[in-house]
Amino acid sequence: MDGYRGARSAVIVGAGVAGLTAATALARGGWQVEVVEVDPPGTTAGWGLCLTGPSLRALDELGLAETCLAAGYGMSSITHIDVNGKPAGTVELPRLLPRRPAMAGIARPVLHRILSAEAARRGVVVRHGVTVTAVAQEGERVRMRLSDGAVRTVALLVGADGIRSSVRGLLGLGASLDFDGQMVWRAVVPRPQWATGIHQFAGKPHTTGLVPLSDTQAYVFLTENAAEPNALPDAELAPRLRRLLRDFPGRVQELRSLIAGSESVVRRPVLTGLVQGDWYRGGAVVIGDAAHAPAPQMASGAALAIEDGLVLARELERHESIGAGLTAFVRRRAQRCRTLVETSEAIVGLEQAQRHQEAYPLMDSCHRLMAEPV
């Protein structure tokens, strides 16, 4: 045990939500942590996300919930609108922090700055333009080669490098990676005054909605059914999104008009992934989307990633060896994460079949399941 305690060194691959949260949680426990990120500084994927109750609960343990709530937009409900533009029900999400909203919308670059600043304050070193190219277990240590030719030998390697994780491949971990027949669009727009929570509008054949990010900003999303996962020229994105929104009634037409002035439209395939079996080999483990990537319908990918980082640090603290800590970590996380991924895939299927009324209670029950202790 003394040797393990004296060799608390870790390399984390990926400076996204999962990687930076894990880095902070480990550094709080006395680990020496280095993060390597292949992208240049300031790079973030997408425009905004939801920090649901489980996200805020985990961030509160790291001392970051108040900062995120102040920088984002606190809210507690999801309002569903049917294909005729009529209210179809409101889901009140569980509040997991006393006297605080149930969740928060936040711009991805803002969240990244908050997580990066906390990791730096804890002594985490982040190197950009670098990734891991080879991994080998040497006794109780993990030896790896980086893309710049440097070599690291550490107690722990964490792959937090997303749904197309290179670390997962280097470790030989089997994972499904499925295209679910949808493309998701997002565009940053000014927040309408009426948007004080998430609004979701059912349509024929697509689904759209709005998520507040701050007092002044929100993002419009649209899930495009029966779509091909092809790339479109940037100049075509905003006009095509406006065409897809044309047949929605009611307030969606206000959102459609806002997109005319948006220069920040993205279109991505809806992919889901799940590692089959253990998430680790020796002293190397994958977390976040590298281990379990849900569809965006449950707005809980960030929650799983943040929880992963926190629980990983907890289990390594509780156990006398890396192996025992990783075994306990996966045991605690696997079923919870599988349930959320499979629920998100079921909701995708219901949307594609235009069975929206069946999707709403499934979302509600899954959010309440996620509210249970980690």
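Any read-out appearing in this document is the output of simple, stated calculations on the displayed coordinates, not a laboratory observation. Worth saying up front: this structure is predicted, and the values here are computed from it rather than measured. Note: ideal-geometry Cβ built from the backbone for every residue, glycine included; neighbour counts use all protein chains shown.
Say we join alpha carbon atoms closer than 10 Å with springs in a Gaussian network model of the chain; which of R318, R57, R191 then has the biggest fluctuation? Maximum fluctuation in the GNM of the chain, among the listed residues, is at R318. Each Cα pair of region 187-237 feeds into the Kirkwood radius, which the Stokes-Einstein equation turns, at 25 °C and 0.890 mPa s, into a diffusion coefficient of 198 µm²/s.
Roughly how tilted is helix 234-244, in degrees to the nearest 10 and between 0 and 90, from the longest Cα axis of the chain? Long axis of 234-244 versus the principal axis of the chain: about 50 degrees.
Pull out the extension gain between S77 and L177, defined as 0.36 nm times the separation in residues minus the alpha carbon to alpha carbon distance; nm, one decimal. Intermediate values should be presented prior to the final figure.
On the way: separation 100, 0.36 × 100 = 36.00 nm, distance 3.10 nm.
The S77-L177 span can extend by a further 32.9 nm.
Please tell me the relative contact order of the chain in percent, rounded to the nearest whole number, where contacts are Cα pairs under 8 Å and at least six residues apart. It rounds to 22 percent for the chain.
Counting only Cα atoms, region 2-88 measures 64, 29, 21 Å along its principal axes, largest extent leading. Residue-wise HN-Hα couplings along region 298-315, as the Karplus relation 6.51 cos²θ - 1.76 cosθ + 1.60 with θ = phi - 60° gives them from phi, are 8, 6, 10, x, 5, 4, 4, 5, 5, 4, 3, x, 5, 5, 4, 5, 4, 5 Hz; Gly and Pro carry x. Considering only L56, L222, L97, give the residue with the highest GNM mean-square fluctuation for the chain, with springs between Cα atoms whenever their separation is below 10 Å. Checking each option, the largest mean-square fluctuation is seen for L97. For GluC sites (Glu not before Pro), the sites in region 182-264 that DSSP calls loop and that have at most 12 other Cβ atoms within 10 Å are E263.
Region 254-311 and region 7-78 have their alpha-carbon centroids 13 Å apart. Between A260, A71, A218, the residue with the greatest mean-square fluctuation in the GNM of the chain (Cα pairs under 10 Å linked by springs) is A260. For region 24-35, putting each phi into the Karplus relation 6.51 cos²θ - 1.76 cosθ + 1.60 with θ = phi - 60° gives couplings of 5, 4, 5, 5, 4, x, x, 6, 8, 10, 10, 10 Hz, in residue order, rounded to whole numbers and with x for Gly and Pro.
Taking every DSSP helix (H) stretch of at least 4 residues in the chain, weighting each as -39,500 (n - 2.57) and dividing the sum by the residue count yields a mean residue ellipticity at 222 nm of -11000 deg cm²/dmol. Note on the chain: percent of Cα-Cα distances in each 20 Å bin, starting at 0 and stopping at the bin with the largest distance, equals 30, 57, 13, 0. A cut-off of 5 Å between modelled amide H atoms, ignoring neighbours fewer than 5 places along the same chain, links S264 with V188.
Placing a label point 7 Å from the Cα of D234 along the Cα-to-Cβ direction, the residues of region 252-284 whose backbone N falls under 15 Å of that point are 262-267. Between helix 322-352 and the chain there is an angle of about 20 degrees, using the helix long axis and the longest principal axis of the Cα atoms. For A293, the residues 5 or more places off, or on other chains, whose built amide H falls under 5 Å of its own are G273, L274.
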